Amino acid sequence: LDGSRLAVFHLPLFVTSRLGLLLDLARTMKIKVLQRSEQDYVGGSGGITKQFKNPDPQLHPFERSREYQRALVAVKMEKMFAKPFVKSLEGHLDSVKCMAVARRQGAPLISGACDGELRVWNLQHLTCGSVIQRAHTGFVRDVTVSPDDTHVLTCGDDRASKMWALDPETWSLRPEPVSIYHGSSISNSIDHHWKKPLFVTTGDTVDIWDYNRSAPLSSFEWGCERVITSRFNPAEPALIASTAVDRSIGLYDLRGNTAIRKVILKMRSNAIAWNPMEPLNFTVANEDCNLYTFDMRKLNVALQRHWDHAMAVLDVSYSPSGAEFVSASYDQTVRIWSANQQRSKDVYHTKRMGRVLCCHFTPDSRFVLTGSEDANIRVWKAKSDQKLGTLSDKEKKAAAYREALKTKFQRLPDIRRIKRHVHVPKMIKSIGNKRKIMREARSRKEENKRKHSKPGANPHVPHKKRQVIKEVE
C-alpha cells in the first residue's frame, strides 16, 4: 500500500465462500460468556466476602473427621452453657396443686393452691395479675380454660365446680364466679371440651356438664371407686380418657354415651395427656416411676416405656408440637422427654424445690412451667442452652448447623456419653444405682430360669407388656 491506492487481492473462490459462511454463522450464533457481579461476593452484614465451596468429596478427604470434632465441641458447649432456670413466680402461700395456660392467647397462666387460692399470672411480664383468696374451701384440685379464653373453670374439695370470667385485656378474674355447679362427690379433675360449651369432672363418676344446666348431662361409671383424672382428645373431642384408683385407664365416647374399653395396669396412673399431633396416642404418669405411651386402638401393650424417674410420676404435659413432653415427679425433679425415646432428654432440679405436683408447656413450646410443694411456680427453658432474646441470622445458622452435627453423630460413643451425662441430687443417684443392680439381678434370674426350663415354659415378656394385666371391652 502506498497511501494513494488500495491494493485488492484476488482470492480464490473457495476461500471467499468459506469466509462468507463464517460471517453468516457469527451473525446468527449466541455466544455465552462468564459474567460476574460484585454483589454476589459481598455479604449482607459487615461486607464479609462469601466463600464458595466445591462439594466434591475427592477434594475434602478429612471432612467427616472435621465435622466429628465440631459435633464434639457442639455437644460440650451445650452442657457448658446449660442454664435452664428463668424465674420463680412467688406469691402462693401453700403448695401449687394445679395450673393451666390459655389455649389461644398464651399470655395468662392460672394456678391453684392447696389453701383454695387462685391466681392469674401475666407470662409476658412474669407478674401476678389477679388473686382470689378463697376460690374453694380446701384444695383447688384442678383448673382449665375455655377454648375462647373467656372463662376459667375450677374444682375443689367443696364438691363444687366454678366458672370464672377472664378479662383478656387485664388478665384478671372477677371476684365472684359466674356459675357454680354442685356435684355429688369431690371432683379430682376438670377439663373443657375443645369446641362445645361442655366440661368433664371426675370423682366417684365421670360427669359431663353443660354451661346452662345445674345437673350433669351424663355420668359414666365402670366398676371403680374413684376416678383420678380425665382429658378430652384435642382432635376428636368426643373421646375422653381417664385414670382411676383401681389401676385402670378408661376410654369413653360422648357420641354413643358409653364406655369403650379400659386396660388395667399393675399400678395406678396419676395423670394422662393426649398427644396433640398424634391424636390416637396418649401418655400416662404411673406410680412405678415410669411413663407409658399407649395407642388407643391397641391397649394390651404400650408403645413406649419412658423410665428415668426415681419416684412416682405425678403429672405429664405435651408440648403443642407433640414431639416432646414434660413430667413432674415426687423425687423433686422435672424431666423433658422425646415422644419416641425411652430415656429423658434433660432433667431440671434445684436445691430448694420441693416435690413437683404439676407441670405445663407454654403455647410456643419454648418454656416449661412447674408448680411444687414449696409454693413456687418456676419457669424453665425447654432447651437448656437456648439463648433468650433476638438472634442474628448468623447466630441462627450457627445454631442450626450445630444441631445438625449433633443429630448426625448422635450414636457415636463419646457424643452419646456427653449428651447423656447430667448432674442429679445424691439421693436420686443412689436410688438409680440400686435399681440398676436390682434390674440386672432380675434379668439374670429370668435368663437362668429359661436356660433350665422346658422350651416355652418361661417366655420372655418385654417391658412394654409387663405392666399390662388385662384389657376389658
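Count Lys and Arg as plus one, Asp and Glu as minus one, and take only other residues whose Cβ is under 12 Å from that of Glu395; the net charge is then +4. The average projected area of the stretch 168-320, computed from the convex hull of its Cα atoms over all directions, is 10.6 nm². Label sites at Ser218 and Met277, each approximated as a point 7 angstrom past Cα along Cα to Cβ, lie 3.2 nm apart. The candidate values were (i) 30, 27, 24; (ii) 41, 22, 19; (iii) 60, 32, 25; the one computed from these coordinates for semi-axes √(5λ) of the Cα gyration tensor in Å carries the label (iii). Legend: calculated FRET efficiency, Ser392 to Lys429, from the Cβ-Cβ distance at R0 = 51 Å, rounded to 0.05, equals 0.80.
Which order, highest average first, do 319-328, 401-410, 421-430, 159-168 follow once you tally other Cβ atoms within 10 Å for each residue and take the mean per peptide?
319-328, 159-168, 401-410, 421-430
What are the residues whose amide H is under 5 Å from the amide H of Ile228, where those residues sit 5 or more places off or on another chain and H is modelled from the backbone? Close amide H contacts, sequence-distant or interchain: Thr243, Ala244, Val245. Simple rule: put +1 on each Lys or Arg Cβ and -1 on each Asp or Glu Cβ in the chain, find the dipole, and look at Ser329, His309, Met438; the Cα lying farthest toward the positive end is Met438. Computed from backbone phi with θ = phi - 60° and the Karplus coefficients 6.51, -1.76 and 1.60, the 3J(HN,Hα) list for the stretch 385-392 is 9, 5, 8, 7, x, 7, 10, 6 Hz; x is used for glycine and proline.
Loop-resident trypsin sites (Lys or Arg not before Pro) (DSSP state other than H, G, I, E or B) in the stretch 268-320 with no more than 14 further Cβ atoms inside 10 Å of their Cβ: Arg297. Given a 1.4 Å probe and the protein chains as shown, Cys289 ends up with an accessible area of around 10 Å². Assign unit charges at the C-beta atoms only (+1 for Lys and Arg, -1 for Asp and Glu), then state the dipole size of the stretch 295-379 relative to its Cα centre in Debye, rounded to the nearest 20. Dipole about the Cα centre, nearest 20: 140 debye.
Take the alpha carbon gyration tensor of the stretch 262-382, find the square roots of its eigenvalues, order them as a ≥ b ≥ c, and report rounded if a/c is under 1.5; if not, report prolate when a/b exceeds b/c, else oblate. Oblate is the answer for the stretch 262-382, as a/c is 1.5 or above yet b/c matches or exceeds a/b. The residue list Thr127, Phe85, Gln341 was ranked by how far each Cα lies along the charge dipole of the chain toward its positive end, using unit charges on Cβ atoms, and Gln341 comes out on top. Over 29 Å apart at the Cα level, from the set Lys83/Lys426; Lys351/Lys394; Lys50/Lys396; Lys195/Lys262, are Lys351/Lys394. Residue-wise HN-Hα couplings along the stretch 65-71, as the Karplus relation 6.51 cos²θ - 1.76 cosθ + 1.60 with θ = phi - 60° gives them from phi, are 5, 5, 5, 5, 5, 5, 5 Hz; Gly and Pro carry x. In this structure, the amide hydrogen of Val472, modeled 1.01 Å from its nitrogen in the peptide plane, lies closer than 5 angstrom to those of Lys262, Val263, Ile264, counting only residues at least 5 positions away or on a different chain. The trypsin sites (Lys or Arg not before Pro) of the stretch 178-231 that DSSP puts in a loop, and whose beta carbon has at most 12 other beta carbons within 10 Å, are Lys195, Arg213. Excluding ligands, DNA and RNA, the accessible surface per residue across the stretch 296-430 is 50 Å² with a 1.4 Å probe.
Phi-derived couplings, Karplus 6.51 cos²θ - 1.76 cosθ + 1.60 at θ = phi - 60°, listed residue by residue for the stretch 73-81: 5, 5, 6, 6, 5, 4, 6, 5, 9 Hz, with x used for Gly and Pro. List the residues of the stretch 240-278 whose backbone N lies under 11 Å from a point placed 7 Å from the Cα of Glu471 along the Cα-to-Cβ direction. Answer for this model: 261-264. Each Lys and Arg adds +1 at its Cβ and each Asp and Glu adds -1 at its Cβ; summed about the Cα centre, the chain shows a dipole of about 2820 debye. Placing unit charges on each Cβ (+1 for Lys and Arg, -1 for Asp and Glu) gives the stretch 237-305 a dipole about its Cα centre, and among Ala259, Ala241, Pro279 the Cα reaching farthest toward its positive end belongs to Ala259. A probe of 1.4 angstrom, applied to the heavy atoms of all protein chains, finds Glu176 with accessible area near 130 square angstrom.
Accessible surface for Lys396 stands near 110 Å², nearest 10, in the context of the full protein assembly shown (1.4 Å probe).
The values are calculated or read from the model by the stated rules, or taken from the named source; none is laboratory data. Fair warning: this is a prediction, and the values are worked out from it, not measured in the lab. A quick note on method: Cβ atoms are made from the backbone with ideal geometry, for glycine too, and the neighbour counts reach across all protein chains shown. Protein only, heavy atoms only, side chains kept; ligands, DNA and RNA dropped before computing areas. Shrake-Rupley method; radii C 1.70, N 1.55, O 1.52, S 1.80 Å.
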